[in-house]
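The numbers here are math on the coordinates, done by the rules we state, and not lab data. Not measured: the values here are computed from a predicted model. Using ideal geometry, Cβ is built from the backbone for each residue, glycine included, and neighbour counts are taken over all protein chains shown.
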Ligand code: DAK
C-alpha cells in the first residue's frame, strides 16, 4: 500500500516505516500523522512482521517537529483535536503489541522527539540531535513530551530541556537515558536491524507480555507493578513458547518459537 508521506518497506520479519517529507525535515502535519497511523496499523496487522522500525527520510532529520506552518493560525478549538490526534497515534505506537524501534538519523525535535519517545527503544546516529524547543514558539510540548520525557530522564532533566528548549547531541541523549544506543551515521540502519533481528528471534508472546508489564508497571506503584508482573508471568505458562523455550534449553538446542 502506498502512502503520500510515509514509506512502508519489509525486510523479512522487519517493517521499516520512513517518514518521507524531507523538504520540511519530515515535520508532522495531519496528513503525515494519518499516513503514519495507517502504516503502523498495516505493519501491526501483517503476521510476518515481528518488529517495526521508524526512521526519517533524508540526511538531516528524523522528524523536526510538528509542522509550524500548519499550526500557526490554529484556534484553541483546532489545537485540541490536533494534539489529541498526535497523542492517540503515539499511544497506539507505545502500546502496540509488537516492539517499535526509532532509528534517529538526525533532528528529533518537538513532536519528533515525542515520536521517538513513544517508541520502545531509540537507536541514534552520532549526528542525531534531540530537543523539545516548543517554548521558543510560545507553546508547550503537545504530543506527550511533558509526560514521557520525565519518565525517561527524570523530572529535573526534563524541566531543564523543556524550559530551555536546548538541543542536545546524541552522546548527551545517551548519557541521560533518552537514547538507548548511539552508532556511527553510516551504520544506523544496519545496527538497528541487528537489534531488531535479535528481538525478532525471541518468542513474540514473551516480548509482547514484557512490553505490557514494563509499560503498565510504570503507571503503577511498585507493589501494584510487581502484582501485575506476577499475573503476566503466570500467563507465560499458558503459552507453547514457554514450553518450547524451556524444553529447548534442557535439550541444548535453539528454541523454535511460534508465538502461540
Ligand atoms: N515545521 C515546518 N517546517 C519545518 C520545521 C517544522 N517543525 N522544521 C523545519 N522546517 C522546514 C523549514 O521551514 C525549511 O523549509 P523551507 O524554508 O526550505 O521551505 C526546511 O524545513 C529546512 O529547514 P531549515 O532551513 O530551517 O534547516 P536548518 O538546517 O537551517 O535548521 C532546524 C534545522 C531543525 C534546526 C530548524 O529547521 C528548526 O529549528 N526547525 C524547527 C524545530 C522546532 O521548533 N520543532 C518543534 C516544532 S513544535 C500541540 C501539538 C503538537 C506540538 C505542540 C503542541 N498542541 C496542538 C497543543 C508539537 C510541537 C512541535 O513539535
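For the stretch 30-49, the residues whose backbone nitrogen is under 12 Å from a point 7 Å from the Cα of residue 70, taken along Cα to Cβ, are 30-37.
At R0 = 22 Å, how high is the FRET efficiency between residue 9 and residue 258 if r is their beta carbon distance? Nearest 0.05 is fine. E(calc), rounded to 0.05, equals 0.30.
Mind telling me which of 111, 56, 225 comes out most flexible in a GNM of the chain, alpha-carbon contacts under 10 Å? Among 111, 56, 225, the largest mean-square fluctuation in the Gaussian network model of the chain belongs to 225. Counting neighbouring beta carbons within 10 Å and listing from fewest to most, the residues 35, 227 come out as 227, 35.
Which distance in Å, rounded to a whole number, links the C-alpha centroids of the stretch 106-168 and the stretch 1-23? Between the Cα centre of the stretch 106-168 and that of the stretch 1-23, the gap is 23 Å. Its relative contact order, with pairs defined as Cα atoms under 8 Å and 6+ residues apart, puts the chain at 15 percent.
With R₀ set to 25 Å, the beta-carbon distance separating residue 155 from residue 84 gives a calculated FRET efficiency near 0.50.
Summarising the strand pairing of the chain, around 30 percent of its internal DSSP beta bridges are antiparallel.
With helices as the sole contributors, the chain gives -15000 deg cm²/dmol at 222 nm; each DSSP H run of n ≥ 4 counts as -39500 (n - 2.57), and the sum is divided by every residue. Taking the square roots of 5 times each eigenvalue of the Cα gyration tensor of the stretch 1-78, largest first, gives ellipsoid semi-axes of 26, 14, 9 Å. A full extension of the chain between residue 240 and residue 222 corresponds to an added length of 3.5 nm, given 0.36 nm per residue minus the alpha carbon distance. Multiplying the residue separation of residue 77 and residue 248 by 0.36 nm and removing their Cα-Cα distance gives an extension gain of 55.8 nm.
Exposure proxy shown here: for 237, 70, the number of other Cβ atoms within 10 Å sets the order, fewest to most, as 237, 70. Ranking of 186, 46 by neighbouring Cβ atoms within 10 Å, starting from the fewest: 186, 46. Using the alpha carbons alone, the radius of gyration of the chain stands to its Kirkwood radius in an Rg to Rh ratio of 0.99. If you run the Gaussian network model on the chain, springs between alpha carbon atoms under 10 Å, then out of 177, 112, 245 the most flexible one is 245.
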